[in-house]
1. Taking residue 88 as meeting all but one of (1) in contact with a helix residue (DSSP H, G or I) (Cβ under 8 Å, 6 or more places away or on another chain); (2) at pLDDT 95 or above; (3) exposed (fewer than 14 other Cβ atoms within 10 Å of the Cβ), write down the number of the exception.
2. Can you list residue pairs whose Cβ atoms sit under 8 Å apart, with the first residue in region 211-222 being touching a residue at least 12 places away in the same chain (Cβ under 8 Å) and the second being part of a strand (DSSP E or B) and surrounded by fewer than 20 Cβ atoms within 10 Å (Cβ to Cβ)? Count only pairs 6 or more apart in sequence or on different chains.
3. Looking at the structure I just gave you, is residue 3 part of a loop (DSSP other than H, G, I, E, B), at pLDDT below 75, touching a strand residue (DSSP E or B) at 6+ places or on another chain (Cβ under 9 Å) and at negative phi?
4. Is it the case that region 241-253 has a residue that's closer than 25 Å to residue 103 by Cβ and modelled with pLDDT under 95?
């Protein structure tokens, strides 16, 4: 360092200090501090997490939905303009022998013209045989051609072929005929099914009308057969507007060896009948 003194105008001693150049001090090179190598931290191996096996979910079996059986829609037979289809079962049935119908052994059916206070009627007598319906119509047409308009049937019969009887009964209902039975008449079995078809019915005290279930001679009356017969004859019975109570009674309770006999004092319970 050098010191310079100078006098100033006021004789003041001015001392200036000058710096003396010092050699530049270079910093000692420091050894490069290298970071200590850190051991590589490896992640601890984690055990592989396997998903727990889930039990296979099987869909619960759904009960098969079966459509509810719809009741069969049966036609309204009472409004038909023509007789319904005939039953498949078409036996020949007669009153049991114990009822001693006077025409039990008859092998024929005759028709003739009758007349009383109510007017003309067609009278039939005998077993209802094959072709009975055609014969009935021939007589009706014969008298129509003579200007005798028939609309009433009186028949005395032990029974016979059911389907022939049902065709006669269907004609009677369709053409608004009446049925009649006087005090000497026994209208049994198939004949009873004809009598029931009358739009108007007349019966005289002493007459009898008999009903029982149709049957096959070589077919036992099993529950299944009885049910089949019941169903087969219902269309006809509904068409003629027969009493359901009467139908149930003779179809379920009166078999081939028995018969429900209705007379003037009991028949009115099941049908509208004029007694004379």
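The values are calculated or read from the model by the stated rules, or taken from the named source; none is laboratory data. Computed from a prediction, not measured in an experiment: that's the story for all the values here. Glycine also receives a Cβ, built like all others from the backbone with ideal geometry; neighbour counts cover every protein chain displayed.
1. (2) is the only condition that residue 88 fails.
2. Listed by first residue and then by second, the contacts come to 211/260; 212/260.
3. Taking the combined requirement at face value, the residue does not satisfy it.
4. no
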